[in-house]
1. Given the conditions (1) outside any loop (DSSP other than H, G, I, E, B); (2) exposed (fewer than 15 other Cβ atoms within 10 Å of the Cβ), report the number of the one that B:Q98 does not fulfil.
2. Taking A:D49 as meeting all but one of (1) more than 26 Å from B:I38 (Cα to Cα); (2) among the charged types (D, E, K, R); (3) touching a Pro at 6+ places or on another chain (Cβ under 8 Å); (4) within 11 Å of chain B (Cβ to nearest Cβ), write down the number of the exception.
3. Would you check which residues across region B:101-118 are in a loop (DSSP other than H, G, I, E, B) and facing chain A (nearest Cβ under 10 Å) and list them?
4. Looking at B:D74, B:D63, B:D56, which is the one that is among the acidic types (D, E), modelled with pLDDT of 95 or more and more than 20 Å from B:S27 (Cα to Cα)?
5. With respect to the numbered conditions (1) in contact with a Lys or Arg (Cβ under 7 Å, 6 or more places away or on another chain); (2) crowded, with 17+ Cβ neighbours inside 10 Å, which one is the sole condition not fulfilled by A:E79?
6. Name the single residue, out of those in region B:55-73 being more than 10 Å from chain A (Cβ to nearest Cβ) and not in a loop (DSSP other than H, G, I, E, B), that is surrounded by the most Cβ atoms within 10 Å (Cβ to Cβ).
7. Of these, A:K22, A:K37, which one is away from chain B (no Cβ under 14 Å), at pLDDT 95 or above and not in a loop (DSSP other than H, G, I, E, B)?
Amino acid sequence: GENVEQHPSTLSVQEGDSAVIKCTYSDSASNYFPWYKQELGKGPQLIIDIRSNVGEKKDQRIAVTLNKTAKHFSLHITETQPEDSAVYFCAATSPWRSSNTGKLIFGQGTTLQVKP
Amino acid sequence: EAGVAQSPRYKIIEKRQSVAFWCNPISGHATLYWYQQILGQGPKLLIQFQNNGVVDDSQLPKDRFSAERLKGVDSTLKIQPAKLEDSAVYLCASSLGQTGVTHNSPLHFGNGTRLTVT
């Protein structure tokens, strides 16, 4: 089955700096890669996603890149702000088929701290 | 649109007791998921329903966990008897389509129930 590895587990940056979180996946059939942000006491919230036919996607200060050959994808946050402090999760899924029900497999999470 | 609703928000029980969690997904969402999130880890799927049928329960400890989704809408997850290692946040999520999570059918989470087993 799919396995998703995420690094680093913790990341501390100064306000205004950039932050990068990296994930690798094992299933070459995976085709959808969302990123979630989880604040204390809340459920994960979808912040950006990328499909396997796209190499990069941007949304204001956040961007995701995907390298299908290497089976890894990354989240980039520029001009970080204190409110970006949270736990970030990457995830992956492959298309519905007899051996897969389209469920998301999550990485272990990265705790991002942005220091003012 | 209203999000995924879960209750209770917190629950503290002693080991060997039973507990139940309730979830109301986003209206019209065909697929409902229960995830377990142990402190410091990513969510792990316990069970996935498509309408009111189970499509994946491979990671559900069936000797103590059970779940149902009546009429393809609300769902309950039960643990009986609870063990110390069941302490976790139980997240309910839903997606629109009937073929799991996709770009056009992303996963939406509720705020979870934090369970502490003493």
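1. Result: B:Q98 passes all but (1).
2. (1)
3. Listed by number, the residues that qualify are B:V101, B:H103, B:N104, B:P106, B:L107, B:G110, B:N111, B:G112.
4. Just one listed residue meets the conditions, B:D63.
5. Against the list (1) in contact with a Lys or Arg (Cβ under 7 Å, 6 or more places away or on another chain); (2) crowded, with 17+ Cβ neighbours inside 10 Å, A:E79 comes up short only on (2).
6. B:A67
7. A:K22
Residues are listed down the side, and each one gets a yes or a no for (1) part of a strand (DSSP E or B); (2) under 17 Å from B:N111 (Cα atoms); (3) among the hydrophobic types (A, V, I, L, M, F, W, C); (4) within 16 Å of the chain's Cα centre (by Cα):
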| position | (1), (2), (3), (4) |
| --- | --- |
| B:A2 | no, yes, yes, no |
| B:K11 | yes, yes, no, yes |
| B:A20 | yes, yes, yes, yes |
| B:C23 | yes, yes, yes, yes |
| B:Y35 | yes, yes, no, yes |
| B:Q48 | yes, no, no, yes |
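The values are calculated or read from the model by the stated rules, or taken from the named source; none is laboratory data. Computed from a predicted model, the values in this text were never measured in an experiment. Because the Cβ atoms are built from the backbone with ideal geometry, glycine has one as well, and the counts that use them run over all protein chains shown.
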